[in-house]
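*Asks:* I'd like to ask some things about the structure below.
The values are calculated or read from the model by the stated rules, or taken from the named source; none is laboratory data. Keep in mind that what you see is a predicted model, and the values were worked out from it rather than measured. Neighbour counts are summed over all protein chains in view; Cβ atoms, including those assigned to glycine, are modelled from backbone coordinates with ideal geometry. Surface areas here come from the heavy atoms of the whole protein model, side chains and all, with no ligands, DNA or RNA. Shrake-Rupley method; radii C 1.70, N 1.55, O 1.52, S 1.80 Å.
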Amino acid sequence: MTAYTKNILFTSLLISITTIPLGYSADQKKQFYFLGGGGEPKGETTIFDGEIKRVGSFINNSDWDSTVSFNGGHAKTEDLMRSKMAKAKNAGPFIEKNYNAMMDEMIAKLESGELKAGDQLMVAIDTHGAKRSIGKDAEKTHRVALSYSEAKELTNLSGARTVDLDKLDKIADLAGKKGVKLAVADLSCYSGNLLNIKSDKVCLISGSGPEQYSYGAGTLKVGFLSFSQANTFSSKFFDSLKKGKNLEDLFLSARSSSTDTPDFPMINTSAGIAINDLIYKMITPYLDYNNDQVSNFGRQYGRTGDGFEERICNIDSNHHQLIDLLKQYNSLSIVADESGRNSDDFKALRSALEEYRSYQKTYEVSMRGKFEAEKEVRNIFEKQFPNDKKAWSEYDPLDFLTIDLDLQIKRYQEYADREKNNNNKYVAVMMDLTLSQLKKQKEIAAYVKANLSENSKAKLKAQEDAYGKSGVTKNLASRVSLEAKKVFNTLYKSLKKPESNPCRDFVL
């Protein structure tokens, strides 16, 4: 073979090597949308400022084409966005018009082929989130808070303007059909509802379960609870947005290293869904807690004594089923892990669950006493005031005793006097009737309080004291969450399949 021939062969080999597909081409599109920051009170800053810095670092140090619609109305937060997200296109504040425009923009790009097979599209949502509605008109996903409005409470975001995330369902469907790599990360409260979008062709990640709060950089997403900025799932997730990382590994790392928040981040890989199906519903009650801002620990017990013992029986049954299930998984994991570390993780979770259940049992004693006292109150109503049923029947017996009737009487009296002075006789008569009802209620409440047995009074006091001390459940729930995260990773490793999935294939 001549030198000339060798050169020709070598050149041909170089050409063939450089034309081999490597899963990436120079014209591959990578588009990133960052949305949220709504529902915040008036002021110069928001609880999302830490996330702006983290996401800004990713945007400025990557080659992704980024679009941001975040916050609105907070001067220092806006300045921070301009300085930390200078490379991103600013689509304006996170209001409904801009949200719909961006959703429609993504849909148009997918339908037109502007985003084609192999391209990457990532959507990150970081705002206050609401619990999913119930009923025939319920959204598929859940609602999140928009800017220029303040969320006043933790569950339904009353006071805030909201929008549902259901358009993501169409985006996921289109991306799957077009072969576009789509990833959606919803880090708001109750974001596990994102996984109601069913697709094995896109990557879906949530900051918590459908029944839990999510926690942000330094505070609860809808509330005012402080946590270490370094140890929340969203902080870890955004910190890990680095070139070359895949979203499955990034999720697992962020999940296992978020340490002191009672949440339940989710991922829609086959392993993630399997674990959710196995343990999520059973572990959910152990993530409830009380403190100055949150009071969901007692929601399992109901507001009245009707069916209380049956509920206790169900709670106990759920506890034993979960403990037995963990023992079974423990046995299987020992075989797979000769070091015994997996066994220790399962034992630690069972211990945390037992500690939580032990506290529940103590609290249930006080609840039982409360409901026994409630029966006595109802008996007094029925025996002493049978002809005034309208005055008390619309209230739970114990709630009736806590109404501030003096304040209501004062307000209605002022209203009635004003209407009489204005010669509005019809309204004045209506106010007089209402005042008569309120005064009768005050009479009934005073009688019950004076004639309630000392035994019932002691039981009500005991429950009041127990509720006052129930803030310890925050630490109990956090410990359960911490140990459950270790077990989640153990189970995930055992269920993880070698073949690719949309989250593992989504490489930043």
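*Asks:* For Leu182, list long-range residues whose amide hydrogen, built 1.01 Å from N in the peptide plane, is under 5 Å from its own amide hydrogen.
*Replies:* Those lying under 5 Å, H to H, from Leu182 are Leu121, Cys203.
*Asks:* Also, I was wondering about something else. For region 237-293, just list the percent of Cα-Cα distances falling in each 5 Å bin from zero outward, please.
*Replies:* Here the calculated profile for region 237-293 is 4, 15, 22, 22, 18, 11, 6, 2, 0.
*Asks:* As an exercise, identify the chymotrypsin sites (Phe, Trp or Tyr not before Pro) in region 19-123 lying in DSSP coil whose Cβ has no more than 16 other Cβ atoms within 10 Å.
*Replies:* For chymotrypsin sites (Phe, Trp or Tyr not before Pro) across region 19-123 that sit outside H, G, I, E and B with at most 16 neighbouring Cβ atoms in 10 Å, the list reads Tyr24.
*Asks:* Helix 75-84 versus the longest principal axis of the chain: what is the Cα-based angle in degrees, 0 to 90, to the nearest 10?
*Replies:* Helix 75-84 sits at roughly 20 degrees to that axis.
*Asks:* When the Cα atoms of region 350-508 are enclosed in a convex hull and the volume is divided per residue, what value in Å³ results? Don't skip to the answer; put the middle values down first.
*Replies:* Values: hull volume 39.0 nm³, N = 159.
Spelled out: Cα convex hull of region 350-508, divided by residues, is 245 Å³.
*Asks:* What percent do you get for the relative contact order of the chain when only Cα pairs under 8 Å and 6+ apart count?
*Replies:* 14
*Asks:* With a Förster radius of 56 Å, plug the Cβ-Cβ distance of Ser393 and Ser343 into 1/(1 + (r/R0)^6) and report the FRET value to the nearest 0.05. Display every interim value, and only then the final one.
*Replies:* Details: r = 56 Å, r/R0 = 1.00.
E between Ser393 and Ser343, to the nearest 0.05, is 0.50.
*Asks:* Another one. Please work out the Cα center distance from region 382-418 to region 101-164, rounded to the nearest Å.
*Replies:* Cα centroid to Cα centroid, the span is 43 Å.
*Asks:* Find how much the distance from Lys116 to Ala75 grows on full extension, using 0.36 nm per residue of separation minus their present alpha carbon separation; answer in nm with one decimal. List each step's numbers first, then the result.
*Replies:* On the way: separation 41, 0.36 × 41 = 14.76 nm, distance 3.84 nm.
Taking 0.36 nm per residue and subtracting the Cα distance, the gain is 10.9 nm.
*Asks:* FRET efficiency for Lys361 and Lys327, Cβ-Cβ distance as r, R0 = 22 Å, nearest 0.05?
*Replies:* So the FRET efficiency works out to roughly 0.60.
*Asks:* If one computes the Cα centroid of region 281-299 and of region 428-504, what distance in Å separates the two points?
*Replies:* 7
*Asks:* In nanometres, what is the gap between the two model label sites at Ser317 and Val507, each 7 Å from Cα along Cα-to-Cβ?
*Replies:* Roughly 5.0 nm, to one decimal.
*Asks:* Probe radius 1.4 Å, ligands and nucleic acids ignored: give me the carbon and sulfur share of the accessible area of the chain as a rounded percent.
*Replies:* Answer for the chain is 52 percent, counting heavy atoms of protein chains only.
*Asks:* Sticking with this structure for a sec: Considering Cα pairs under 8 angstrom that are at least six residues apart, work out the relative contact order of region 29-268 and quote it in whole percent.
*Replies:* Reported as a whole number, the value is 20 percent.
*Asks:* P(r) for region 300-430: what percent of alpha-carbon pairs falls in each 10 Å bin, starting at zero?
*Replies:* P(r) over region 300-430, rounded to whole percents: 10, 22, 19, 16, 13, 10, 6, 3, 1.
*Asks:* Let me know the whole percent of all Cα-Cα pairs from region 66-197 that are separated by more than 19 Å.
*Replies:* Details: 4608 of 8646 pairs.
Across region 66-197, Cα pairs with separations above 19 Å total 53 percent.
*Asks:* Need one number: the % of Cα-Cα pairs in region 29-268 sitting beyond the 27 Å mark.
*Replies:* 26
*Asks:* How large is Rg/Rh for region 381-444, to two decimals, with Cα atoms and a Kirkwood Rh? Show your work: numbers first, answer last.
*Replies:* Values: Rg = 13.4 Å, Rh = 12.7 Å.
Here the Rg-to-Rh quotient is 1.06.
*Asks:* For the Cα atoms of the chain, what angle does the longest principal axis make with the long axis of helix 473-495, in degrees from 0 to 90, nearest 10?
*Replies:* 30
*Asks:* Along the three principal axes, how long is the chain when you take its alpha carbons, biggest first, rounded to the nearest angstrom?
*Replies:* In descending order, the Cα extents are 117, 66, 38 Å.
*Asks:* I would also like to ask the following. Helix-only mean residue ellipticity at 222 nm, the chain, DSSP H runs n ≥ 4 weighted -39,500 (n - 2.57), per residue, nearest 500. What is it?
*Replies:* Result for the chain, helices only: -16500 deg cm²/dmol.
*Asks:* Could you give the nm distance between label points at Lys42 and Ser500, where each point is 7 Å from its Cα heading toward the beta carbon?
*Replies:* Each label point lies 7 Å from its Cα, and together they span 5.3 nm.
*Asks:* Taking region 386-472, which trypsin sites (Lys or Arg not before Pro) meet the DSSP loop condition and have no more than 14 other C-beta atoms within 10 Å?
*Replies:* Hits after loop and neighbour filter: Lys469.
*Asks:* OK, next. Counting other C-beta atoms within 10 Å, and keeping those with at most 11, which DSSP coil trypsin sites (Lys or Arg not before Pro) do you find in region 74-154?
*Replies:* When the trypsin sites (Lys or Arg not before Pro) of region 74-154 are filtered for loop state and at most 11 Cβ neighbours within 10 Å, Lys136 remain.
*Asks:* Could you compute the FRET efficiency for Asp404 and Glu354, with r as their C-beta to C-beta distance and R0 at 41 Å, rounded to 0.05?
*Replies:* Efficiency computed from Cβ-Cβ geometry: 0.50.
*Asks:* Continuing with this model, one more query. Taking Cα atoms, how many degrees apart are the long axis of helix 341-384 and the longest axis of the chain, rounded to 10 and kept between 0 and 90?
*Replies:* 30
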